């Protein structure tokens, strides 16, 4: 194995030297020799930055704060709901907590921004023709943020006119309030919307049932049944109402629990028993002995043939009337809860026209431009002197740098 020659290693180390060595004194000397150029470039930068900062218009920032509701709590009328029937279980099933991010996203939604663009004519103000471009420009002037600790939402608007900035900030609070008026966010709002929809469906079903009963009366000529038939109709209607109420409650429970939940199992057993009882009452083969001696009810199928259709139509009317009364009570309670909650989003601080500009920071602009010019001119002087020194002491490296500069030049030499 050949031994390495120390002289060859020393020569290789010399070859690895990229250029002439430069000390701190050399750098200071070069900067002193180029002080005129550095001073001239810095002075031009100062004058230019001052002119730019002076010509730049003042921007004013208006600010409004909004207070979203805290963690939703169970309303005081939940006990009243429970007293009205099994639908009281909906009080805890339809509610939920509303995070602050939801309201921030609503403030940034297209519904709010489109309404504000039309109301304040933002297309003309920002010189934009389409909404797709406007939605990219608005975040440059409007900032919506939420404080994670306090939960307070802040809307900040920048504009050249203080009054317009304040009006636009307050416009966000007004438009999001309108949007929340047609949305169901809180527990009471969700229950109000749910029961409102159920109430409309029940009214329609009641009208259809009444028309069907009238049609049966016209065809059969039957107007009034005996007391036993009326008792059958009333019992079947109440039984069917209980079945519907438990089906709704079971549907709500299954959205948040498993099939093995004790409440789910209990409701399923109750539904099975109620459905079996309703099927027995509607069957045509039932007998009095199936209920024991002395039973006064008879199956619907055992009524006279002319009265069967009338019984079924009358029972449907009675059922829809019972459901309508129940839904009306639930709807009124939900409306009371919603009224107690007050506005979903409260405006804490109303935006006022600011009396002092927020930007531009003219002093910061001048200082940054001056520092950048001073640093750039100094680096240019050092690079120029280092290139000259490299050309004198290391011609080969100087030629390599020159070839590199020529290769990247936009216009070649003529």
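Since every read-out is calculated from the coordinates, none of them should be taken as a lab result. Note that the structure is predicted; figures quoted are calculated from it, not measured. Note: ideal-geometry Cβ built from the backbone for every residue, glycine included; neighbour counts use all protein chains shown.
At a Förster radius of 56 Å, what calculated FRET efficiency corresponds to the Cβ-Cβ distance of residue 118 and residue 238, to the nearest 0.05? Calculated value: 0.55. Packing-based ranking of 133-144, 158-169 yields 158-169, 133-144, ordered from highest to lowest mean Cβ neighbour count within 10 Å.
At an R0 of 51 angstrom, the distance between the Cβ atoms of residue 375 and residue 346 translates into a FRET efficiency of 0.50. Given R0 = 25 Å, the distance between the Cβ atoms of residue 163 and residue 51 translates into a calculated FRET efficiency of 0.30.
Subtracting the Cα-Cα distance of residue 270 and residue 410 from 0.36 nm times their residue separation leaves 41.7 nm of extension gain.
Counting 0.36 nm for each residue step from residue 394 to residue 22 and taking away their Cα separation leaves a gain of 132.6 nm. Full extension of the chain between residue 356 and residue 125 gives 81.0 nm of extra length, using 0.36 nm per residue less the Cα-Cα distance.
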